[in-house]
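Below is one structure, written out as structure tokens, with a few remarks after it.
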Amino acid sequence: MQIPPSPDLAPYIRHYLLINRHSGEAERLRFFSDGSTGLFFSSEEAGLLQMDNESGSRFSDAFFYGQLSNYRDITFQGNGSWFIIVLKPDAINRLLAIPAIELKDQVIDLTDLFGPSSRELPERLKEKTSISDKINVAEAFFRKLIKTKHVLNDPMVSAAIAYMARHNGIVSVEQLAYFTGYQQRQLERRFNLAVGLSPKVLGNIIRLHVFLKQLRLNSFSELTALGYESGFYDQSHLIREFKKITGLTPSQYKAHTNPLAVNFLRIDDKT
């Protein structure tokens, strides 16, 4: 279930996700980038979460994840629901004035990032059973945060991200430089500071997710045509870029008919 934020928080929050999990057995979950960072809350005490080759890492029941440079596999054992606040690409830099590149590939306890003001947030969310009540609690937290912080804004980066989204990520660095009036090196520096990804990498992620949307709506037999419409030169280019970001081929992804989210799905040993 994906729900948009209130209009006043749309510059910072992309959407909310509520994922219910009822299997007590251990599962391997594949998580790959959608160009955003986010906050993760568990309705129960966090189960055993092991990320990639980390041995038995038990995450907090409330944590922040930064931009991903590669897909990650998470082994989870436990029940309950997950409430995820998916942020805009540049939101955490705007809200906390932290260079986004420093948070890349990081998983951070909520209080370590937001400080003592966030300590009660996980418990308040656990008390709420409906998604609308959870969203109200989360939005009250963000509104208070915005009032107490000097919120940053880089109009160039915001405009560039919107431009890339309008063009489905099919934008060269040269086109982006012409649109913004900034040289490539300046673009790279400003994007790393605000987003934590280069313009090229963010564009590739946007383009892939445009393709994923089309893949869900159309027949797999139209793979080459869908890839071309999404900005991939040919089928081999599509498969190479797809696997780089997701760790899967398009056919392997398509086989997951009921993913937890677009970029969050169960993986079995045969995948």
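Quick note: the coordinates plus some simple rules give every number you see, no bench work behind them. Nothing here was measured: the structure is a model prediction, and the numbers come from that model. For neighbour counting, all protein chains shown are included, and Cβ atoms are generated from backbone atoms with ideal geometry for every residue, glycine included.
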>> Limiting things to C-alpha atoms, what are the Rg and the maximum Cα-Cα separation (Dmax) for the chain, in angstroms?
In response: 18.7, 54
>> For the stretch 85-101 and the stretch 1-17, what is the centre-to-centre distance using only Cα atoms, to the nearest Å?
In response: 14 Å
> Which order do M156, M164, M1 fall in if you start with the one that has the fewest other Cβ atoms within 10 Å?
Replying inline: M1, M156, M164
> Can you tell which of R143, R30, R72 shows the greatest fluctuation in a Gaussian network model of the chain with Cα springs below 10 Å?
Replying inline: R143
>> Could you work out the pair-distance distribution P(r) of the stretch 155-248 from its alpha-carbon pairs, with 10 angstrom bin width and percents rounded to whole numbers?
In response: 16, 46, 27, 10, 0
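Given an 8 Å cut-off on Cα distances and at least 6 residues of separation, report the relative contact order of the chain as a percent.
Working: 448 pairs, mean separation 57.0, N = 271.
Computed over the chain, the figure is 21 percent.
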>> Of the candidates D112, D90, D73, which one comes out as most mobile in a Gaussian network treatment of the chain with C-alpha springs shorter than 10 Å?
In response: D112
>> Charges on Cβ only, +1 for Lys and Arg, -1 for Asp and Glu, centred on the Cα centroid of the chain; of G169, T129, V86, which one is farthest towards the dipole's positive end?
In response: G169
> Roughly speaking, what is the stretch gain from Q2 to S132, that is 0.36 nm per residue apart minus the C-alpha to C-alpha distance, in nm to one decimal?
Replying inline: 45.6 nm
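Treating only the Cβ of Lys, Arg, Asp and Glu as charged (+1, +1, -1, -1), what charge dipole size does the stretch 155-248 show about its Cα centre? Round to the nearest 20 debye. Could the numbers behind the result be given before it?
Numbers: 11 positive and 6 negative charges, 62 e Å.
The calculation lands at about 300 debye.
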> Magnitude of the Cβ-charge dipole of the chain, K/R +1 and D/E -1, about the Cα centre, nearest 20 debye?
Replying inline: 560 debye
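Given R₀ = 45 Å, what would the calculated FRET efficiency be for A97 paired with S219, taking r from the Cβ atoms and rounding to 0.05? Provide the component values of the computation, followed by the final result.
Numbers: r = 47 Å, r/R0 = 1.05.
With a Förster radius of 45 Å, E is 0.45.
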> What lysines sit close enough to K254 to cross-link, taking a C-alpha to C-alpha distance under 29 Å and skipping anything fewer than 8 places away on the same chain?
Replying inline: K88, K104, K200, K213, K243, K244, K270
> In whole percent, what relative contact order does the stretch 155-248 give with Cα contacts below 8 Å and a gap of six or more residues?
Replying inline: 24 percent
> What 222 nm value per residue comes from the helices of the chain, counting each DSSP H run with n ≥ 4 as -39,500 (n - 2.57) and dividing by all residues, nearest 500 deg cm²/dmol?
Replying inline: -12000 deg cm²/dmol
